[in-house]
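Input: a single structure, listed below in structure tokens.
The values are calculated or read from the model by the stated rules, or taken from the named source; none is laboratory data. Just so it is clear, the model here is predicted, and its values are computed rather than measured. In this analysis, Cβ positions are derived from the backbone assuming ideal geometry, glycine residues included, and neighbour counts consider all displayed protein chains. Ligands, DNA and RNA are stripped out before the accessible areas are found, and what is left, the full protein with its side chains, is counted by its heavy atoms. Shrake-Rupley method; radii C 1.70, N 1.55, O 1.52, S 1.80 Å.
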Amino acid sequence: AIVGASLVLSLHGTLITAALSGLCYAALSSGLLPAIDGRQWTASTPDILAVYVSLVLVAFVSGYLARKLEHLGHLADSTAKTLDALNKQQTQLFNDISEGIITVDLNETITSINEAARAILGLTKLDHAVFLGRALGSVLDEHGISPEADLLKSTADNSATETIIHDKKQEHDIHISYSCKPLTDGEGNALGSMLIIDDVSHVRSIQERLDLHERMAKLLAETTGAPGGNGSALRDTRMVGESQVMKKVFSLVERVSTSDASVLITGESGTGKELIARAIHNNSNRRGRSFIGINCGAIPENLIESELFGHKKGSFTGAVADNPGLLRQAQGGTVFLDEIGELPLHLQTKLLRVLQERVVRAVGDTRDVSLDVRVIAATNRDLKKDIAAGRFREDLYYRINVVNIAIPPLRDRREDIPLLVHYFIARYCSKDQVLPQISPEALALLTSYSYPGNVRELENIIERTLVLGGHAILTEHLPEELIAAGAQQTAPRSLSLSDTAPGHEASIHVLPVSLEAVLEKLEKEYLHRAMTQSGGVKKHAAELLGLNFRSFRYRMKKYGLDEDADGEEHDASAN
């Protein structure tokens with residue numbers, strides 16, 4: 001009873017309980033109380049006094065221990081609150097740090113991941129619990145993310161290493177800097193690893209743009225010699241390129257020029273297939289003879305036979321004179337059959353005989369004429385598919401495809417774009433004219449564009465910019481579709497705030513600038529993108545930007561983007 005009182009009551013209450021307990025014992029022992037179970041308890045006065053004193057001592061000791069326990073309880077509560085606050089601060093610091101941090105155990109299972117790491121990897125939409133307890137590699141593979149290096153491989157000095165992460169779902173590459181450090185306990189025992197990653201895409205982007213601008217400045221500073229860059233011994237050619245893929249093409253052109261073998265040039269429209277054919281002719285032993293180019297898809301089907309093989313006078317209506325045909329006109333030289341995949345099947349048979357027998361028979365003639373020409377063909381079609389579909393003769397394909405030269409599209413050799421830009425600028429400017437300068441932003445857009453029309457499209461763009469730009473080529477002189485494509489590439493992966501950090505820099509601005517104008521342009525762009533992503537639902541667009549509806553409506557009206565200023569509330573509720 002006394003110990004219980006010490007835990008529940010104060011010291012005074014404990015002493016009172018002990019005193020009452022002693023009095024009860026004294027009364028029981030002296031016979032003042034009725035007998036219990038028929039037995040009478042008796043004790044001497046010294047015994048009663050001893051028990052009384054003992055009970056008081058128990059009261060003092062239990063009261064002292066109770067106060068100590070109470071004090072320890074307060075300390076424990078205070079410590080728990082402090083630890084909870086520290087844990088919250090640590091969690092906030094862990095999530096607010098600009099670098100991405102992922103910790104794994106000895107089995108490479110994720111034990112923690114901060115918000116920056118999820119933003120860098122483009123996985124902010126996933127709940128935090130999705131990562132915990134799972135292997136890092138399996139999480140990345142599941143969401144289409146494939147790093148070029150083993151991120152959890154520790155380096156000797158724990159220094160940061162750069163690599164590229166491929167996001168297959170977003171079709172986006174992320175340049176990151178990463179380091180992996182071991183995690184140990186207080187005794188040095190290994191607990192796992194800590195992966196630290198940082199998005200350096202904007203740094204690489206700036207560096208690439210500066211390199212491009214420096215390279216372009218050097219090219220534009222050249223005053224002698226025609227820009228070429230093929231780095232080979234080819235003569236009389238306008239082929240331009242320094243990329244590895246084009247160097248291989250130049251090398252193949254140089255080797256095939258010394259023979260009379262038939263050549264099939266394949267590649268998309270605008271890649272320069274005719275230019276390659278002319279380079280082969282100009283570097284062959286036939287360069288002093290004719291080079292006849294024939295577009296098989298441009299000549300009407302009822303005329304192409306007589307145009308190619310010739311015709312005799314009176315062989316058909318309108319044949320008022322003999323025509324030797326383009327093949328015979330190229331006697332001793334080279335015939336370039338462009339878009340050979342468009343040639344009708346019955347003429348493919350006749351062309352095959354020409355290539356096999358080296359003779360040609362004109363329409364309406366009864367005799368064969370010996371033919372000495374080199375045939376170079378080109379197509380932007382997949383002839384193997386045409387063969388399978390019955391649109392092209394297989395034997396003709398193997399006859400013209402003795403040597404195949406595949407011309408890569410411009411998007412696969414972007415490093416050649418500054419050289420091509422310089423070439424076209426120099427080509428369309430007079431010799432005594434100072435070559436126009438090109439801004440870093442314009443050059444970056446030209447380099448990042450995909451060019452569905454390939455080199456021909458780039459040439460048209462440069463000619464346009466020279467007409468509009470004069471002495472300087474700026475972003476506003478470029479076509480709208482090119483600017484729009486560049487804006488799409490530099491757009492953030494999503495509109496969540498965590499995805500915009502660490503930086504996705506859209507462009508480099510040379511000071512001085514009007515900061516208010518830049519901020520207004522950026523804010524309008526994000527408002528427009530939010531409306532596009534939300535399908536025009538303003539309430540959803542406001543949530544994407546982290547704004548309340550009133551603030552979002554104010555900004556829309558401020559920039560004149562709200563076409564239904566009086567119906568905002570209706571729009572929000574209706575949607």
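Under a model in which nothing but the beta-carbon of Lys, Arg (+1) and Asp, Glu (-1) is charged, segment 276-329 shows a dipole of about 380 debye around its Cα centre. Within the assembled protein chains, the solvent-accessible surface assigned to HIS74 is about 110 Å², based on a 1.4 Å probe.
Each of the peptides 469-476, 296-303 was scored by the mean count of other Cβ atoms within 10 Å over its residues; in descending order, highest first, they stand as 469-476, 296-303. Short to long, the 5 Å bins of the Cα pair-distance histogram for segment 290-415 hold 2, 10, 19, 22, 19, 13, 7, 4, 2, 1, 1, 0 percent of all pairs. Each of the peptides 516-523, 369-376, 528-535 was scored by the mean count of other Cβ atoms within 10 Å over its residues; in descending order, highest first, they stand as 369-376, 528-535, 516-523. Ordering PHE309, ILE299, THR334 by the projection of their Cα atoms onto the charge dipole of segment 274-345, which places +1 on the Cβ of Lys and Arg and -1 on the Cβ of Asp and Glu, puts THR334 at the extreme positive end.
Mean separation of Cα pairs under 8 Å and 6 or more residues apart, divided by the residue count, gives segment 290-393 a relative contact order of 32 percent.
The phi-based Karplus calculation (6.51 cos²θ - 1.76 cosθ + 1.60; θ = phi - 60°) puts the 3J(HN,Hα) values of segment 273-283 at 5, 5, 4, 5, 4, 5, 5, 4, 5, 5, 10 Hz, whole numbers, x for Gly and Pro.
Under 1.5 on a/c is rounded, so check that first for segment 265-321, then, if it is not, pick prolate when a/b is larger than b/c and oblate when it is not; a ≥ b ≥ c are the square roots of the alpha carbon gyration tensor eigenvalues. Since a/c reaches 1.5 but b/c is at least a/b, the shape of segment 265-321 is classed as oblate.
Heavy-atom accessible area, probed at 1.4 angstrom with all protein chains present, ranks ARG286, ARG555 as ARG555, ARG286, highest first. Shown here for segment 160-189: GluC sites (Glu not before Pro) in loop regions (DSSP other than H, G, I, E, B) with at most 10 other Cβ atoms within 10 Å, namely GLU171, GLU187.
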